[in-house]
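Q: One structure follows; several queries about it will come next.
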Amino acid sequence: MDRLFAKTPCTGQLPLSIGGMTVREVELGPMTSLSPRKGQGAALAGALGAAHGLDWPGAGRATAAGDARAIWFGHDSVLLTGAAPDAALAGPGVLVDQSDAWTVVRLDGTGAEAVLARLVPVDLRAPGFGPGATARCRIGHMAGSVTRLETGGFLLMVFRSMAQTLLHDLKSAMEAVAARG
């Protein structure tokens, strides 16, 4: 599928580094919402595993295999990123392309948890929110998703229309954390 936009809302503004913390835009590739048809949850989970090598994540979890990731996105809903959905998923599942709907950034650095503590009403401290943990929650006043990555750092997702607000809020929180350092 062709991308609808040549530029992203973050073009020319990232990476942003403040006080040892860095925000970078992330290109996840295809992003597809997966939901099982009535009574087809196990079949969809099996198809996801067979086609992409991914376990269906439980509530508050994300699974990864290579560049592909399955992120829990709410009751019986998963966001498949980094891989075009295999045709076998369409039988037991409902697939919706989300590729141009989201802005995705990665926050890294020793103050990342402190930055997010200012913006997210969820305790994201390790080990309670360790690698592979994910939450659908507010980021500032925006609906979003936060996932702690296996390699460290956090994957943050908000609707594309909120990209500038996300960058503003992250910059303000990073500056406040750096000032305390």
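Q: Would you tally the residues in the range 65-79 being buried (at least 21 other Cβ atoms within 10 Å of the Cβ) and over 12 Å from Met31 (Cβ atoms)?
A: Summing the residues that are buried (at least 21 other Cβ atoms within 10 Å of the Cβ) and over 12 Å from Met31 (Cβ atoms) in the range 65-79 gives 1.
Q: Let me ask another. I'd like the residue in the range 13-34 that is of a type in the set (S, T, N, Q) and within 27 Å of Ala178 (Cβ to Cβ) and, out of all such residues, is nearest to the chain's Cα centre (by Cα). Steps first, answer last, please.
A: If we filter the range 13-34 for residues that are of a type in the set (S, T, N, Q), which is where we start, we get 13, 17, 22, 32-33.
Next cut, within 27 Å of Ala178 (Cβ to Cβ) only: 13, 17, 22.
Numbers: Gln13: 19, Ser17: 20, Thr22: 17 Å.
Filtering first and then ranking leaves Thr22.
Q: From the list Ala133, Ala163, which one is farther than 23 Å from Thr63 by Cα, within 14 Å of the chain's Cα centre (by Cα), buried (at least 18 other Cβ atoms within 10 Å of the Cβ) and hydrophobic (A, V, I, L, M, F, W, C)?
A: On the way: Ala133 fails: farther than 23 Å from Thr63 by Cα.
So the residue among Ala133, Ala163 that is farther than 23 Å from Thr63 by Cα, within 14 Å of the chain's Cα centre (by Cα), buried (at least 18 other Cβ atoms within 10 Å of the Cβ) and hydrophobic (A, V, I, L, M, F, W, C) is Ala163.
Q: All but one of (1) aliphatic (A, V, I, L, M); (2) in contact (Cβ under 8 Å) with a residue 40 or more places away in the chain; (3) open to solvent by less than 60 Å² (accessible area, probe 1.4 Å); (4) assigned to a loop (DSSP other than H, G, I, E, B) hold for Leu124; state the number of the condition that does not hold.
A: Going through (1) aliphatic (A, V, I, L, M); (2) in contact (Cβ under 8 Å) with a residue 40 or more places away in the chain; (3) open to solvent by less than 60 Å² (accessible area, probe 1.4 Å); (4) assigned to a loop (DSSP other than H, G, I, E, B) one by one, Leu124 breaks only (2).
Q: Only residues that are under 19 Å from Thr110 (Cα atoms), surrounded by fewer than 17 Cβ atoms within 10 Å (Cβ to Cβ) and among the small types (Gly, Ala, Ser): list them for the range 12-39, please. Let's see the steps before the verdict.
A: In the first step, residues of the range 12-39 are kept if they are under 19 Å from Thr110 (Cα atoms); the result is 14-25.
Cutting the leftovers down to surrounded by fewer than 17 Cβ atoms within 10 Å (Cβ to Cβ) gives us 15, 17, 20, 24.
Answer for the range 12-39, where residues must be under 19 Å from Thr110 (Cα atoms), surrounded by fewer than 17 Cβ atoms within 10 Å (Cβ to Cβ) and among the small types (Gly, Ala, Ser): Ser17, Gly20.
The values are calculated or read from the model by the stated rules, or taken from the named source; none is laboratory data. What you see is a predicted model; the values in this text were computed from it and never measured. Every residue, glycine among them, receives a Cβ derived from its backbone with ideal geometry; neighbour counts consider all protein chains shown. SASA here: full protein model, heavy atoms, side chains in, ligands and nucleic acids out. Shrake-Rupley method; radii C 1.70, N 1.55, O 1.52, S 1.80 Å.
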